[in-house]
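Engineer: There's a structure below that I have some questions on.
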Amino acid sequence: MKMLIVFSSIMLFVSYMMIAQTQTAKITFAEESYDFGKIAEEKGPVTHEFSFTNTGAQPLIIQNVRASCGCTAPDWTKDPVLPGKKGVVKATFDPKGRPGPFNKSITVSSNAENSTVVLTIKGEVIPKPRTIEDDYPMQIGSIRLKTNHLAFIKVFNNQIKTDSIPVVNTSSETVKLTFTNIPAHLSVKAVPAELKPNQKGRIEVTYDGNKQKDWGFVMDRIDLLINGKADPNNRISISATIEEDFSKLTPEQRANAPKASFNTNEFNFGTINEGEKREFDFVLTNNGKSDLIIRKVKASCGCTAVTPTETVIKPGKSTNVKTIFDSTGKPGKQNKTITVITNDPENSTITLRVTGDVVKKTE
């Protein structure tokens, strides 16, 4: 008798659970994957609607729809979907800048018994035909350039490097390119010097590290003249980081080289009121066996003044790099840097930091 009662209880529980399950919402999509096929990039975004039906017994609420990338923008039916009624999940894909095949997912979360459903869209983006504007985005007068900034990245002080900027004449007349304000360490020429309509060429720049008297990151700006005419907006920037070449040092020379070491690499002035100044001396010691030469000291902003007491430090000696931080016009958290460049072959560039909080001045 007891076994019969237990068996009946189990059957009642199972029946209850089956009935309970039929009383929930259920989301059923007509399709869970869609192939856009080939789409043209220049025609812009494409959209597909995934239709679904609530095949359950309770109102269906879509709680969230999440796409696998920002290129896919989802939308969906926001109101509760009654049993037997339909709704949609829209997937919009933006092909701009995304040539080639794609396969993206859209995760649908709801209160249905199948609470998570993953939809997919795929296809292939046919890239738009490239134009002169795409290949030469920088307009200067009647010509177009790939860029108006030529970065040499690293140039050693005994090195000569050459690079170029592609250029095209988009006008209906022949143009002649010349240049002014050229520093001694640069030589610049147009190849060819004259460009016929629609003709392509290049602006060739040679950087002579032997003639550059500066160190670290250096930026030069030269003026471009078109048919002899100057325009203050027609400029090309040339940048490089100038470093000393230690590659030819012998093991003996390295062993006898200078060695730069600071007592600390950070000065935290704490909390001060806007307009106040704080001073600090970074102590630089030469722990090497030959003279340590300070090539350059540069702060990241004009609010920080730095002055080394000496620029040549004998072995075993030290010097102060006096730092003054002026908080005028600098409210909030501060993180300024000071770059110190020396002839230490193992640590030629050292970065010091000035940090703290500046309380904004009240009117």
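The values are calculated or read from the model by the stated rules, or taken from the named source; none is laboratory data. Model, not experiment: these values are computed from the prediction. In this analysis, Cβ positions are derived from the backbone assuming ideal geometry, glycine residues included, and neighbour counts consider all displayed protein chains.
Engineer: Inspect all residues belonging to the stretch 104-121 and state whether any of them is of a type outside the set (Gly, Ala, Ser), under 25 Å from the mean Cα position of the chain (by Cα) and assigned by TED's automatic domain parsing to the domain that holds Ser51.
Structural biologist: First, the residues of the stretch 104-121 that are of a type outside the set (Gly, Ala, Ser): 104, 106-108, 111, 113-114, 116-121.
In the following step, the residues that additionally are under 25 Å from the mean Cα position of the chain (by Cα) were identified as 104.
Retained after the next criterion (residues that are assigned by TED's automatic domain parsing to the domain that holds Ser51): 104.
Yes: one or more hits.
Engineer: Could you tell me which residue of the stretch 326-363 is surrounded by the most Cβ atoms within 10 Å (Cβ to Cβ), considering only residues that are farther than 15 Å from Arg278 by Cα and of a type in the set (Asp, Glu)?
Structural biologist: In this case the residue turns out to be Asp344.
Engineer: For the stretch 272-295, state whether one or more residues are within 30 Å of the chain's Cα centre (by Cα), β-branched (Val, Ile, Thr) and within 30 Å of Gln334 (Cα to Cα). Don't jump to the end; show me each part of the working.
Structural biologist: At the first step, the residues of the stretch 272-295 found to be within 30 Å of the chain's Cα centre (by Cα) are none.
The answer is no, given that none of the residues of the stretch 272-295 is within 30 Å of the chain's Cα centre (by Cα), β-branched (Val, Ile, Thr) and within 30 Å of Gln334 (Cα to Cα).
Engineer: Take the conditions more than 22 Å from Asp326 (Cβ to Cβ), crowded, with 16+ Cβ neighbours inside 10 Å and touching a Phe, Trp or Tyr at 6+ places or on another chain (Cβ under 7 Å) and apply them to Leu284. Does it pass?
Structural biologist: Spelling it out, Leu284 is indeed more than 22 Å from Asp326 (Cβ to Cβ), crowded, with 16+ Cβ neighbours inside 10 Å and touching a Phe, Trp or Tyr at 6+ places or on another chain (Cβ under 7 Å).
Engineer: OK, next. Out of everything in the stretch 209-262 that is closer than 30 Å to Thr174 by Cα and among the hydroxyl-bearing types (Ser, Thr, Tyr), what residue ends up being farthest from the chain's Cα centre (by Cα)? Can you show your working first?
Structural biologist: Here is the first cut: in the stretch 209-262, the residues closer than 30 Å to Thr174 by Cα are 220-239.
Restricting the remaining residues to those that are among the hydroxyl-bearing types (Ser, Thr, Tyr) gives 237, 239.
Values: Ser237: 20, Ser239: 18 Å.
The residue in question is Ser237.
Engineer: I'd like to check something: does the stretch 131-150 contain any residue that is more than 24 Å from the chain's Cα centre (by Cα) and under 12 Å from Ile236 (Cα atoms)?
Structural biologist: yes
Engineer: Starting from residues that are free of Cβ contacts under 8 Å to residues at least 40 places away in the same chain and part of a loop (DSSP other than H, G, I, E, B), keep the ones in the stretch 208-232 and report whichever is surrounded by the fewest Cβ atoms within 10 Å (Cβ to Cβ).
Structural biologist: Among residues in the stretch 208-232 that are free of Cβ contacts under 8 Å to residues at least 40 places away in the same chain and part of a loop (DSSP other than H, G, I, E, B), the one surrounded by the fewest Cβ atoms within 10 Å (Cβ to Cβ) is Pro232.
Engineer: Quick one: would you say Glu266 is surrounded by fewer than 16 Cβ atoms within 10 Å (Cβ to Cβ), within 30 Å of Lys317 (Cα to Cα) and within 36 Å of the chain's Cα centre (by Cα)?
Structural biologist: Yes, satisfied.
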